[in-house]
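A quick write-up on the structure given underneath.
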2 protein chains.
Amino acid sequence: MTIVKDATLHQRILGDIEARIVSGEWPPGHRIPFEVDLAADYNCSRMTANKVLTQLAKSGLIERRKKSGSFVAQPRAQSAVLAIAEIEAEVQSLRLAYSHSVHARTKRRANADDKQRLELSEAASVLDITSIHHAASAPFCLEERLISLATVPEAEAETFAKISPGTWLLKQVPWSAAENRISAVSADASVAGLLDIEKGTACLVIERRTWSPAGPVTSVRLTYPGDRHALVARFAPGGEG
Amino acid sequence: MTIVKDATLHQRILGDIEARIVSGEWPPGHRIPFEVDLAADYNCSRMTANKVLTQLAKSGLIERRKKSGSFVAQPRAQSAVLAIAEIEAEVQSLRLAYSHSVHARTKRRANADDKQRLELSEAASVLDITSIHHAASAPFCLEERLISLATVPEAEAETFAKISPGTWLLKQVPWSAAENRISAVSADASVAGLLDIEKGTACLVIERRTWSPAGPVTSVRLTYPGDRHALVARFAPGGEG
DNA sequence: TTGGCTATAATGTATATACATAATGATCGG
DNA sequence: CCGATCATTATGTATATACATTATAGCCAA
């Protein structure tokens, strides 16, 4: 049984249309009622219908064309929302004790590889931190991070003994853009040693680059033992789900 | 230089606020102007300001509390949008010739494993298809798919010789919910043989389960050689970007 | 037939207004 | 001094209206 919390008109219209699209009653390409007709059907103003259809268009469920009307969209690329949590939160949601240790920490002038990873044009100082996240005292994830000291000079004074670089940066750099690259690699001897796994074990690798308006912030490579970990992304036509 | 297409008032207000949040001028926790004040600043109606703030709240950049006002949100889990394209489109975007071959195709009553993968409660018929996607005649991706014939009986008549199961299903089942699970595994002998890679090579695995209102549709396991492939997900505070 | 003009139909954006809702803060009685 | 009540304030939702924008269709003339 579904409990229907007495919904707003907006939600009701939205839900009705979504249901018809998702059920296949209105297949892709089908023209859905004009705003004025919807307004008449629900005995509401056109603005209300408009807002619903605008939202459906933004979520990709319908396409709107002036003069022609609104049409159910073709479901194309699965666009799923991937929530990449902070590692500490992730570990704690597994009800395991979290800890973090810094394995190496060096400051240097950016070399060619650093420049490419951070998309730096000139030589600048970077901080290179290798650390390990533990869940219940077992290695959970290897973090290899580069921080651009030109953008975040405060990082130089931080040892990251008490707070992980990711969490620290989240507090330092309020909101930023990021690019995540997900791939699979075999653990080499060094990675295997740090994560306490067999050499050659498949690992899930997330490489994330982060920018603020002031410039490149950080580039991080997170290596998870593949047999212990998976990322989950959900997709639902309406949006939340 | 940035070309500014003469934007609507809505976009201008939205952009201004986003810029101030992203730049750190308005840090997390900062109270942003009330709707009426924003309306006064931009010489517009409260409705226009309201729509902008509502959108910012939906995108997670701000939090709104009645009576108190609207506040810049704390950036929490990186929520990135992961676009999982159709394999054929993906290959063609690499400017490579696409082809697809079915390696095995069997119909059977669902066994225990099938039931778990499709979340079936009763025994029902399923179609099990193993196929390989090629890019420029080299194996690109291994697809192991289970289709619930109770939900999609039409699949039984289809050989999938000319059209891949994914593409076919996309046409059959208009809109549906999905769960994607991304992990890393080492190729076993069988997978290595089919993908023409060394045994033990790390592979990126996407397991996707799809539901329609009529029930479970399909469960597919896509295995990509990890050294040739990566998924990219982007995150930008505003939304599109 | 063809090219271009125009009317029209649908969406896109914005306004002014109204009332509902919810949380805060102040007032007042015990 | 505590606690209930009530006014205030900011957001939430919806309406009616206006005008802009744009793609389509139809008309008319060269």
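The values are calculated or read from the model by the stated rules, or taken from the named source; none is laboratory data. Just so we're clear, the structure is a prediction, and the values are computed from it rather than from any experiment. Here the Cβ is made from the backbone with ideal geometry for all residues, glycine too, and neighbour counts use every protein chain on show.
See the values below:
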quantity: Qualifying residues in region B:61-73 (those that are at the interface with chain A (Cβ under 10 Å from one of its Cβ atoms) and either within 10 Å of DNA strand D (Cβ to nearest atom) or not in a strand (DSSP E or B) (or both)) - the one nearest to A:Lys58 (Cα to Cα); calculated: B:Leu61
quantity: Residues satisfying the stated conditions in region A:40-60, i.e. within 14 Å of chain B (Cβ to nearest Cβ) and near DNA strand D (Cβ under 10 Å from one of its atoms); calculated: A:Ser45, A:Met47, A:Thr48, A:Asn50, A:Lys51, A:Val52
quantity: Matching residues in region A:9-34 - criterion: being near DNA strand D (Cβ under 8 Å from one of its atoms) and away from chain B (no Cβ under 13 Å); calculated: A:Leu9, A:Gln11, A:Arg12
quantity: Residue under evaluation B:Leu14, criteria (1) farther than 21 Å from A:Ser212 by Cβ; (2) modelled with pLDDT of 95 or more, criterion not met; calculated: (1)
quantity: A:Asp37 vs. criteria in contact with a Pro (Cβ under 8 Å, 6 or more places away or on another chain), away from chain B (no Cβ under 14 Å) and under 30 Å from B:Lys51 (Cβ atoms); calculated: no
quantity: Sole exception among (1) exposed (fewer than 15 other Cβ atoms within 10 Å of the Cβ); (2) farther than 24 Å from A:Ile84 by Cα; (3) polar (S, T, N, Q) for B:Ser70, by number; calculated: (1)
quantity: Elements of type strands (runs of 3 or more DSSP E) in region A:172-241, at least 2 residues being touching a residue at least 24 places away in the same chain (Cβ under 8 Å) and among the charged types (D, E, K, R); calculated: A:177-186, A:202-212
quantity: Of all residues in region B:187-220 being small (Gly, Ala, Ser) and more than 10 Å from chain A (Cβ to nearest Cβ), the one that is surrounded by the most Cβ atoms within 10 Å (Cβ to Cβ); calculated: B:Ser219
quantity: Selection count where residues are outside any loop (DSSP other than H, G, I, E, B), without any contact (Cβ under 8 Å) to a residue 40 or more places away in the chain and away from DNA strand C (no atom under 12 Å from the Cβ), scope region A:21-52; calculated: 2
quantity: Residue satisfying all of: in region A:143-160; out of contact with any Pro (no Cβ under 8 Å at 6 or more places or on another chain), outside any loop (DSSP other than H, G, I, E, B) and not aliphatic (A, V, I, L, M); surrounded by the most Cβ atoms within 10 Å (Cβ to Cβ) among these; calculated: A:Glu144
quantity: Number of the condition not met by B:Glu119 [criteria: (1) surrounded by fewer than 16 Cβ atoms within 10 Å (Cβ to Cβ); (2) at negative phi]; calculated: (2)
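Quick grid of which residues meet (1) closer than 17 Å to A:His10 by Cα; (2) within 13 Å of DNA strand C (Cβ to nearest atom); (3) of a type outside the set (Asp, Glu); (4) free of Cβ contacts under 8 Å to residues at least 60 places away in the same chain:
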| residue | (1), (2), (3), (4) |
| --- | --- |
| A:Gln55 | yes, yes, yes, yes |
| A:Ser59 | yes, no, yes, no |
| A:Ile62 | yes, yes, yes, yes |
| A:Ser70 | no, yes, yes, yes |
| A:Leu82 | no, no, yes, no |
| A:Glu88 | no, no, no, no |
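Table: residues versus (1) farther than 21 Å from B:Pro75 by Cβ; (2) without any contact (Cβ under 8 Å) to a residue 24 or more places away in the chain.
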{"residue": "A:Lys115", "(1), (2)": "yes, yes"}
{"residue": "A:Ala124", "(1), (2)": "yes, no"}
{"residue": "A:Ala135", "(1), (2)": "yes, no"}
{"residue": "A:Glu156", "(1), (2)": "yes, no"}
{"residue": "A:Lys162", "(1), (2)": "no, yes"}
